[in-house]
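Structure first, commentary second.
Every number in this text was worked out from the coordinates using simple rules, so none of it is lab data. Quantities reported herein were computed from a predicted structural model and do not represent experimental measurements. Positions of Cβ are backbone-derived with ideal geometry, glycine not excepted, and every protein chain shown enters the neighbour counts.
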Amino acid sequence: MHMKTLILPRDERTQPLRIVPGYPQTPLRNPARPLVKRDPTLSELTGPLEVAGRVKVLGGDIAGHGATQAIGQLMHLRVRVLDEDGAPVGGTVVEIWQANAAGRYIHPNDDDHAPPDPNFYGAARLVTDESGAFELRTVKPGAYPVPTRDGWWRPPHIHFSVFGRVWLSRLVTQMYFPGEPLNQQDRILNAVPDPAARESLVARYVPPATEPYNALVFEHQIVLRGRAATAAQP
Amino acid sequence: MMVPTGEATIGPFFPPRYVDAGANDLTQFEGRKAKGDVIEIRGRVVQEDGAPLENLIVEIWQADAQGIFRHPADPRHAQADPGFFGWGRAATGKDGCYTFRTIRPGAPAGRQPHVNFMVMFSGLLRILKTTLFFEDGPDPVLNLVLNRKNLLIGKEAEPGLYTFDIRLRGEDETPFFDD
């Protein structure tokens, strides 16, 4: 575990635009003034560690079993959480949420047409292991229409909230699936200008290689801000 | 060097169960009471047209009463208050208001006492970061917003109760930081 973390400015092209054409809430909720550039101090270069001691960890198996297995395509998602040096970020809390196979969330804000699944809540909260890895057993989320009523559908995606080692490594992101036609027109995925950065938000399909071959397998990588600082310090 | 993953909005469906009961009360940790003066921080979060935003997620991070962060990068962290975790989360209600119960932080080296804020919501593709101060004074972050300082200084509405409204956009919008 690194004591000190170095945070460098990000390449803006790898991060989403703040105001997105066709996403009507964005011009109402994003600051009109330019953000104030600041050099991080100790306050932003520290942050909550061991968040698992503060919130309830729910585990990473949310697909259900036997008679209570959720409807949909069973999938295993293997994720690694790394820092900008490629070093694993172990022991950090990851919060995951997603729609069910029909594209419905269990949330008061979702009054969409699609049916809820009594066997699927769609929320996993877990802690990465020493290698920065975690595995999620779930069903593949469905796509759903956005209430802009102009043909925008969200492609299948999974939400992640990750804490990391310091305040400025906190990340909220979404992961997409390869080969989905809706990826091409999604206003959130395509808000990231750099094509390689967009591609890194898409999971990799891995042919199932072990018994019982009953689940699709995807792999994904999440890179948090921060490098190990090497400056000599007391 | 690896490229940090692109951010995305938290969206409208962040699970309510992730706002754990007591996550907005920082005054105790692992059965111990935090040292220092208990305070409450309350505020309303609004968008450009003044509409209050419900179910918006606010997270805070702060030093303990002695100005020490519970993190190994703080040279004094061995003396950190074992009853103080320093992080909290709240969701706004129908009226757009959040509440935290915490202790008034001490001054970290070179800084005025302050609380770091993060705002996450549908329509925000990036986390918005700002900082609450309790009074004016020399501080490298407060100094960056000289003519808008008043928007970052909480008002002591009654003893121990600070209000800190967050306006995401519009006249008198809250200063947000890029770091």
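Computed quantities for the displayed model
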| quantity | calculated |
| --- | --- |
| Global geometry of segment A:88-216, whether rounded, prolate or oblate, following the gyration tensor of its Cα atoms and the 1.5 cut on a/c | rounded |
| Antiparallel bridge percentage (DSSP; both residues within segment B:16-167; nearest 5) | 80 percent |
| Kirkwood Rh, angstrom, chain A [1 / mean 1/r, Cα pairs] | 19.3 Å |
| Label-point separation, A:L74 to A:Y213 (7 Å along Cα→Cβ), nm | 1.4 nm |
| Percentage of interatomic Cα-Cα distances in segment A:28-78 larger than 12 Å | 81 percent |
| Compactness of chain B, expressed as Rg and Dmax over alpha-carbon positions, Å | 16.2, 50 |
| Low-density loop cleavage sites - GluC sites (Glu not before Pro) in segment B:88-172, where at most 12 other Cβ are within 10 Å (DSSP) | B:E135, B:E171 |
| Euclidean distance between Cα centres, segment A:179-205 to segment B:10-87, Å | 33 Å |
| Computed over segment A:33-127, Kirkwood Rh from alpha-carbon pairs, angstrom | 16.6 Å |
| Value of Rg/Rh across the protein assembly as shown [Cα atoms, Kirkwood radius] | 0.95 |
| Student exercise, the protein assembly as shown dipole from Lys, Arg, Asp, Glu Cβ charges, in Debye to nearest 20 | 200 debye |
| Segment B:39-104: GluC sites (Glu not before Pro) in DSSP loop, at most 13 other beta carbons within 10 Å | none |
| Sequence-distant lysines (8 or more away, or on other chains) whose Cα lies within less than 24 Å of B:K155 | B:K35, B:K94, B:K129 |
